[in-house]
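The values are calculated or read from the model by the stated rules, or taken from the named source; none is laboratory data. Given the structure is predicted, the values throughout are model-derived calculations rather than measurements. Cβ sites come from the backbone with ideal geometry, for glycine too, and all protein chains shown count toward neighbours.
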Amino acid sequence: MGNKNGYDPSVTRGVQTFLHLGRWVIVCYWGSSLNKFSFGDRVFIQNQYGEFWLGTIEPDCYMLICEKPLKTVLEGFSYLHAEYEMYKAHEDSDDWFCEQGELPF
């Protein structure tokens, strides 16, 4: 038996909650409902085609992170890992916008 707080690909029904890179992630499989969540949670929601939409729960919406559904939850881990690495690289600095001034949009 593996880590009880890790992702278990053998689970294909209901809701699965696990820890990934120090952050809780939820998978809501097709036909299930998400009864317990917090704002800011990362959630994979499975559609009727077996694909997964990755998004974040916000106070007034479910904000999609990826523009296309993912084939598997494991595919979403590459995005989450890249995001984690970006935050780690800029963890101690306040230079995210590097004196760019006003944004062009």
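Annotations for the structure displayed:
- Flag for LEU103 being of a type in the set (A, V, I, L, M) and at pLDDT below 80: yes
- All positions within the stretch 31-47 that are under 19 Å from ILE65 (Cα atoms) and part of a loop (DSSP other than H, G, I, E, B): LEU34, PHE37, SER38, PHE39, GLY40, ASP41, ASN47
- Listed by first and then second residue, the pairs with beta-carbon distance under 9 Å, at least 6 apart or on different chains, first residue in the stretch 75-99 and closer than 22 Å to TRP53 by Cβ and of a type in the set (Phe, Trp, Tyr), second modelled with pLDDT under 70 and in a loop (DSSP other than H, G, I, E, B), form an empty list.
- Within the stretch 10-21, residues that are without any contact (Cβ under 8 Å) to a residue 60 or more places away in the chain and part of a loop (DSSP other than H, G, I, E, B) sit with their Cβ atoms under 9 Å from residues that are surrounded by 12 or more Cβ atoms within 10 Å (Cβ to Cβ) and hydroxyl-bearing (Ser, Thr, Tyr), at 6+ positions apart or across chains, in these pairs: VAL11/TYR29; THR12/TYR29; ARG13/TYR29; ARG13/SER32; GLY14/TYR29; GLY14/SER32.
- Failed item, numbered, when TYR7 is tested on (1) part of a loop (DSSP other than H, G, I, E, B); (2) of a type in the set (Ser, Thr, Tyr); (3) surrounded by 10 or more Cβ atoms within 10 Å (Cβ to Cβ); (4) modelled with pLDDT of 90 or more: (4)
- Residues that are in contact with a Cys (Cβ under 9 Å, 6 or more places away or on another chain) and not aromatic (Phe, Trp, Tyr) do occur in the stretch 51-63.
- Answer residue from the stretch 48-74, given it is aliphatic (A, V, I, L, M) and part of a strand (DSSP E or B) and is nearest to SER10 (Cα to Cα) among those: LEU70
- Test: residue in the stretch 49-61 that is exposed (fewer than 10 other Cβ atoms within 10 Å of the Cβ) and free of Cβ contacts under 8 Å to residues at least 12 places away in the same chain: yes
- Looking only at the stretch 19-31, and only at residues there that are modelled with pLDDT of 85 or more and surrounded by 10 or more Cβ atoms within 10 Å (Cβ to Cβ), the one that is farthest from the chain's Cα centre (by Cα): TRP30
- Against the list (1) exposed (fewer than 13 other Cβ atoms within 10 Å of the Cβ); (2) farther than 18 Å from LEU80 by Cα; (3) touching a strand residue (DSSP E or B) at 6+ places or on another chain (Cβ under 7 Å), the condition LEU34 fails is (1).
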